[in-house]
1. Consider only pairs whose beta carbons are under 6 Å apart and that are at least six residues apart or on different chains; among these, list those whose first residue lies in the range 67-96 and is in a loop (DSSP other than H, G, I, E, B) and whose second residue is of a type in the set (Ser, Thr, Tyr) and open to solvent by 10 Å² or more (accessible area, probe 1.4 Å).
2. Looking at (1) within 16 Å of the ligand (Cβ to nearest atom); (2) surrounded by fewer than 18 Cβ atoms within 10 Å (Cβ to Cβ), which one does residue 464 not meet, given that it meets all the others?
3. Search the range 112-136 for residues being in contact with an Asp or Glu (Cβ under 8 Å, 6 or more places away or on another chain) and among the aromatic types (Phe, Trp, Tyr), and hand back the single one that is farthest from residue 65 (Cα to Cα).
4. Condition test on residue 204, is it surrounded by fewer than 18 Cβ atoms within 10 Å (Cβ to Cβ), hydroxyl-bearing (Ser, Thr, Tyr) and touching a residue at least 12 places away in the same chain (Cβ under 8 Å)?
5. Could you please give the count of residues in the range 156-187 that are hydroxyl-bearing (Ser, Thr, Tyr) and in a strand (DSSP E or B)?
6. Any residue at all in the range 224-234 that's open to solvent by less than 40 Å² (accessible area, probe 1.4 Å) and closer than 23 Å to residue 444 by Cα?
7. Of the numbered conditions (1) within 25 Å of residue 182 (Cα to Cα); (2) of a type in the set (Gly, Ala, Ser); (3) more than 15 Å from the ligand (Cβ to nearest atom), residue 74 fails exactly one; give the number of that condition.
8. Please specify each residue of the range 446-493 satisfying the condition of being in contact with a strand residue (DSSP E or B) (Cβ under 9 Å, 6 or more places away or on another chain) and within 20 Å of residue 144 (Cα to Cα).
Amino acid sequence: MGKKTKKSEVDVVLIGAGIMSATLGTLINELSPDINIEIVERLDLVAAESSDAWNNAGTGHSALCELNYTPEQADGSVKIAKAIDIAEQFEISKQFWTYLVEQDILKNPSEFIRQVPHMSAVFGEKDVNFLRTRFETMEKETLFKGMEYTEDKATLSNWIPLMMENRDNDEKIAATRVDMGTDVNFGTLTRDLVQHLQTKENITLSLNQEVRDIKREDDARWEIEIKDLNNGEKRKIKAKFVFIGAGGHSLLLLEKSGIPEAKGYGGFPVGGQWLRCKNKDIIQKHNAKVYGKASVGAPPMSVPHLDTRYIDGEQALLFGPYAGFSTKFLKKGSYFDLPASIKLSNIRPMISAGLDNLDLTKYLITEVMKSPSDKLDALKQFMPTAKLEDWGIEIAGQRVQVIKKDPKHGGILEFGTEVVSSADGSIAALLGASPGASTSVAIMINLLKRCFPERAKSDAYRKKLREMIPSWGKKLNDDAVLCEEVRRRSQAALQLS
Ligand SMILES: Cc1cc2nc3c(=O)[nH]c(=O)nc-3n(C[C@H](O)[C@H](O)[C@H](O)COP(=O)(O)OP(=O)(O)OC[C@H]3O[C@@H](n4cnc5c(N)ncnc54)[C@H](O)[C@@H]3O)c2cc1C
């Protein structure tokens, strides 16, 4: 006689224990504490994929330094709409974390967020002109007030001594600086959030449990098939709502759900590596996240940057990322991930996006072929005194960029994040990577509005949301007084100075 499959029921299943599920679970629990939740994670740890500290760059993306959010236009002007949008979203994240610290839910803010100046640095006449125009356009906006710009070598030596040592005096270089940038340890933040959720009677965390299948039942609920990776046993959970927060594997699980909204989506994996500094004296000499300009064909997330990090209480320094190619969709994924994701419904968009992005393919091949000394050359543009012996390699997380149907091109490759949900809002998945973790709170509040529309309309829900995020529904960039007020509160609670 075959073994009986165990069955259980919950309101909500969150697949994956990364920053997205942790944020959604915390929001649901604060807004609707009666909802019971099971978080299902295939690994034996929380936040061990992209959300873990060394798997991402830890930049609190707020468009203070990332040049890919402010593209140059044909007439030489700089478009900053995306930068404003991302900065607004990061302020929402900070307000939520502020609320959680004030409620004593998050206890030690300096363990997950630190103030680190955000800078952009460019080399050569053309890029210097671009950066100057970008600065002149941005500094007028409330969200970017206080940004500084310089081409002066003495000021640069003061801001970024490590980058200016032994630099050719004739080299044209410019930089902007905003002191209020942040370094965020999304791994610690995720673990703190999940630890808090585990104190609730109606929330369960199940580790070493892999979701294998998702099917819609006749009663409109979802049946999740789970394999216990410790003993191979299978079980099933019935849920009214499912969030697929499985990082790179979200696409594969979304395809299993069979919802028509998932048709036409594909994924393109981009791996990454950092150079991590081993020399304490060098680490101490740099205090900033300095973003440069991406080379032609490079995906936006491969913009080189020299970054101060704070991980496990220690200051660290990384440079990169160097992009790479692997067919895995997660660091601990399978080489069959990419082939398994190809279906009849997405093969055309995937081929079209591939043909349209030959520059990217060429770039990735060049990056993969790079020897350690080629890697050093890239670092030397930032730090002319760099020596290979002071740096080691650290493997970053995998990103799966979204490919989607496009009526004109057949398929396009996107570099942002995208929530795909069923028409009735009973299942949703997060695809894509960037700006990702930094904007997780705004992404998840919008997801709740889409998937729990009745609750989201209630007065109690709206009141609580406004208590947690005072600027919700307003634009800080249009309200200098409110912007200053929420920033002052966040700076104090999160101990940023
Ligand atoms: C190189 C790199 C640099 C980045 N830099 C930044 C940055 O500077 N700032 C920023 O804000 N963002 C950055 N990001 C993006 C950020 O890391 C992601 O947006 C974020 O971590 C995604 O969180 P997640 O919860 O969706 O996924 P993850 O953290 O990957 O979590 C997904 C979880 O789902 C689990 N899982 C997968 N399949 C299953 C299954 N079948 N059953 C059960 N569990 C499953 C996985 O084991 C994993 O724990 C970067 C990403 C990378 C790769």
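1. What qualifies is 80/137.
2. Residue 464 satisfies every listed condition except (1).
3. It comes out as 112.
4. yes
5. 2
6. Yes, some residue in the range 224-234 is open to solvent by less than 40 Å² (accessible area, probe 1.4 Å) and closer than 23 Å to residue 444 by Cα.
7. Condition not satisfied by residue 74: (1).
8. If the condition is that a residue be in contact with a strand residue (DSSP E or B) (Cβ under 9 Å, 6 or more places away or on another chain) and within 20 Å of residue 144 (Cα to Cα), then 491 is the only one that fits.
The values are calculated or read from the model by the stated rules, or taken from the named source; none is laboratory data. Bear in mind the structure is a predicted one, so any value in this text is a computation, not a measurement. Because the Cβ atoms are built from the backbone with ideal geometry, glycine has one as well, and the counts that use them run over all protein chains shown. Note: areas computed on protein heavy atoms with side chains; ligands, DNA, RNA excluded. Shrake-Rupley method; radii C 1.70, N 1.55, O 1.52, S 1.80 Å.
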